[in-house]
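J.: Below is one structure. I have some questions about it.
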Amino acid sequence: MMRLPKFDFHEPATLDEALQMMGEFGVRAKLIAGGTDLMVNMKHQLMSPEQVVSISRMDELKGLDTSNGMVRIGACFTVADLAESEEVGKKLGALRTGAKALGSPLIRNLATIGGNIGTARPAADLPPSLMAYGAKVVLKKRSGERAVSLNNFFKGPGLTELQPDEILTEIQIPTPPPHAGAGYINLGIRMAQDCNLVNVASFIAMDGPDGVITSARIVMGCVGPIHLRAPSAEKCLIGEKPSESLFAKAGDAATGDCTPIDDFRGAAAYKKAMTGVLTKRTLGIAHKEAVS
Amino acid sequence: MKKKLISLTINDKAYEVAVEPNQTLVDLLRYDLGLTGTKKGCELGDCGSCTVIMDGKPVNSCLVLAMQANGRHVTTIEGVETDEGLHPIQKSFVEKGAIQCGFCSSGMILSGKALLERNPNPDEADIRKAISGNLCRCTGYQKIVEAIKELGT
Ligand SMILES: Cc1cc2nc3c(=O)[nH]c(=O)nc-3n(C[C@H](O)[C@H](O)[C@H](O)COP(=O)(O)OP(=O)(O)OC[C@H]3O[C@@H](n4cnc5c(N)ncnc54)[C@H](O)[C@@H]3O)c2cc1C
Ligand code: FES
Ligand code: FES
């Protein structure tokens, strides 16, 4: 039998109360949302907090608001709800693709978007498209709040910008402008319940239906200690007209932007090659969406 | 580490129980309440043998703390049977030969039941997706898929 470490459990009724608790407990406490990461880490004795503070049932952390040119998603919005949301699908198709690919239906019913970010795994399914869309996260503590670009949020495997007394409350994603699109593909061993081998999200915006690419963001997972941007691939897209051959060129450039390692999931050389393929294909999806 | 009293509804019956903070829902069900129809395989969310329906949604009860189930409605395999005997989905599993050793069956049946409540006429792809968090080491899945498909409208 797998034993959990000993801890005290708290379920504050409001966010204010939770912020108060995190302020008091600091590093001795861990937040639990869906628990699909934390429970596994605690069972493996990789984490043994003295206090566990549950936030999964707070309505204030479960909102979805798409007004004023921004999509705001509460940290405790579940992955199942993301996968099912037509609204998310229409505005942020690549994010929904990632949500549908995460774990199993059983896991998705528990797992939250905030937890997928908070856990800071370089293989996680939601950060690539969120970063490609230019998302920010709102970090709150008793004394105030700050918004941090997801680009600058991850510091290493399991490490983030979050302070021990902070709670990630909301994810803010600018609604993509017209003639913009994004794509996400995750490559794994099986269709469900696996850890990604490589995952890539691409976003492009053009200055018109037949125009040139004015901005591009490509984010690669599993090929570095954090999700990596592909600067040279992005650079070769700017000012160019979209085409198969341009996307192939960007794919080649992306293989130089990533730093995968050999591990039991796959060889570094294979992951590098697949990063190129997925970059090309996700750019194709992004372009199709941009012109539709 | 203090025990706390929680109240929850399991299979339409109200319970009030004292639980440890580090006790999981599956352990509460099996060891404190004797509801051993819920199985425990991996304890890590991988196998689905511990599937229960919580507030209408199938979840891995090995990843839920008992205290997180406070105030919730839980359905376990023991709650699926009706006054008229086995539930149609249970009958279908038996008739189609979808049960061999039976270790996965509680979870499979609950995942299948939750699917049919959302989508009364699922196709094969829908069914395979819905049971993708439930592992079976015996049947090869085909008969389980057929048993669920049989109940489509
Ligand atoms: C069988 C299985 C399969 C899985 N498959 C996938 C997969 O395919 N793809 C994938 O990406 N992940 C997968 N996961 C990992 C996990 O399900 C996801 O990362 C999930 O989104 C985590 O969300 P949660 O709410 O359950 O997180 P929790 O476990 O509740 O929290 C995770 C971490 O984030 C912190 N945290 C949570 N919420 C906040 C917040 N609001 N503010 C600050 N910190 C917070 C917690 O303290 C904890 O350290 C899988 C897990 C399992 C068990
Ligand atoms: S015992 Fe819960 S998923 Fe395996
Ligand atoms: S019948 Fe034996 S595991 Fe499914």
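J.: Among B:78, B:84, which is away from chain A (no Cβ under 14 Å) and under 17 Å from the mean Cα position of the chain (by Cα)?
T.: Values: B:84 fails: under 17 Å from the mean Cα position of the chain (by Cα).
From the options B:78, B:84, the qualifying one is B:78.
J.: Going by what's in this entry, would residue B:57 be described as surrounded by fewer than 22 Cβ atoms within 10 Å (Cβ to Cβ) and either β-branched (Val, Ile, Thr) or facing chain A (nearest Cβ under 9 Å) (or both)?
T.: So residue B:57 passes the test.
J.: If the Cβ limit is 7 Å and pairs must be 6+ apart or interchain, which residue in segment B:1-19 that is on the phi < 0 side of the Ramachandran plot pairs with which residue that is modelled with pLDDT under 95 and part of a loop (DSSP other than H, G, I, E, B)?
T.: From residues that are on the phi < 0 side of the Ramachandran plot, the pairs are B:18/B:3; B:19/B:3.
J.: State all residues of segment B:68-124 that are of a type in the set (Val, Ile, Thr), over 22 Å from residue B:138 (Cβ atoms) and buried (at least 17 other Cβ atoms within 10 Å of the Cβ); if no residue qualifies, say none. Walk me through it before giving the result.
T.: Filtering segment B:68-124 for residues of a type in the set (Val, Ile, Thr) gives B:74-77, B:80, B:82, B:89, B:94, B:99, B:109.
Next cut, over 22 Å from residue B:138 (Cβ atoms) only: B:74-75, B:82.
Matches in segment B:68-124: B:74, B:75.
J.: While we're here: Within segment B:25-42, is there a residue that is within 8 Å of chain A (Cβ to nearest Cβ) and closer than 21 Å to residue A:53 by Cβ?
T.: No, the conditions are met nowhere in segment B:25-42.
J.: Among the residues in segment B:40-53, are any within 13 Å of ligand 2 (Cβ to nearest atom), open to solvent by 10 Å² or more (accessible area, probe 1.4 Å) and either among the aliphatic types (A, V, I, L, M) or outside the structural domain of residue B:11 (by TED's automatic domain parsing) (or both)? I'd like the intermediate steps shown before the answer.
T.: Applying the first criterion (within 13 Å of ligand 2 (Cβ to nearest atom)) to segment B:40-53 yields B:40-52.
Okay, now just the ones that are also open to solvent by 10 Å² or more (accessible area, probe 1.4 Å), so B:40-44, B:46-47.
From the residues that got through so far, the ones that are either among the aliphatic types (A, V, I, L, M) or outside the structural domain of residue B:11 (by TED's automatic domain parsing) (or both) too are B:44.
Yes, some residue in segment B:40-53 is within 13 Å of ligand 2 (Cβ to nearest atom), open to solvent by 10 Å² or more (accessible area, probe 1.4 Å) and either among the aliphatic types (A, V, I, L, M) or outside the structural domain of residue B:11 (by TED's automatic domain parsing) (or both).
J.: Answer yes or no: is there a residue in segment B:138-153 that is within 15 Å of ligand 2 (Cβ to nearest atom) and either more than 14 Å from chain A (Cβ to nearest Cβ) or surrounded by 13 or more Cβ atoms within 10 Å (Cβ to Cβ) (or both). First the steps, then the outcome.
T.: Within segment B:138-153, the subset within 15 Å of ligand 2 (Cβ to nearest atom) is none.
Checked segment B:138-153: no residue is within 15 Å of ligand 2 (Cβ to nearest atom) and either more than 14 Å from chain A (Cβ to nearest Cβ) or surrounded by 13 or more Cβ atoms within 10 Å (Cβ to Cβ) (or both).
J.: Does residue B:132 qualify as being within 11 Å of chain A (Cβ to nearest Cβ), free of Cβ contacts under 8 Å to residues at least 12 places away in the same chain and within 15 Å of ligand 3 (Cβ to nearest atom)? Lay out the reasoning, then the answer.
T.: Details: within 11 Å of chain A (Cβ to nearest Cβ): yes; free of Cβ contacts under 8 Å to residues at least 12 places away in the same chain: yes; within 15 Å of ligand 3 (Cβ to nearest atom): yes.
When the stated conditions are applied, residue B:132 passes them.
J.: So residue B:50 ticks every box in (1) in contact with a strand residue (DSSP E or B) (Cβ under 7 Å, 6 or more places away or on another chain); (2) away from ligand 3 (no atom under 16 Å from the Cβ) but one. Which box is left unticked?
T.: Only one criterion in (1) in contact with a strand residue (DSSP E or B) (Cβ under 7 Å, 6 or more places away or on another chain); (2) away from ligand 3 (no atom under 16 Å from the Cβ) is unmet by residue B:50, namely (2).
J.: OK, next. Could you tell me whether segment B:10-17 includes any residue that is within 13 Å of chain A (Cβ to nearest Cβ) and outside any loop (DSSP other than H, G, I, E, B)? Explain how you work it out, then say what you get.
T.: Initially, segment B:10-17 is screened for residues within 13 Å of chain A (Cβ to nearest Cβ), giving none.
There is no residue in segment B:10-17 that is within 13 Å of chain A (Cβ to nearest Cβ) and outside any loop (DSSP other than H, G, I, E, B).
The values are calculated or read from the model by the stated rules, or taken from the named source; none is laboratory data. Please read all numbers here as calculations on a predicted model, not as lab measurements. Methodologically, a virtual Cβ is constructed for each residue, glycine included, from the backbone with ideal geometry; neighbour enumeration extends over all protein chains shown. With ligands, DNA and RNA removed, areas are computed over all heavy atoms of the protein, side chains included. Shrake-Rupley method; radii C 1.70, N 1.55, O 1.52, S 1.80 Å.
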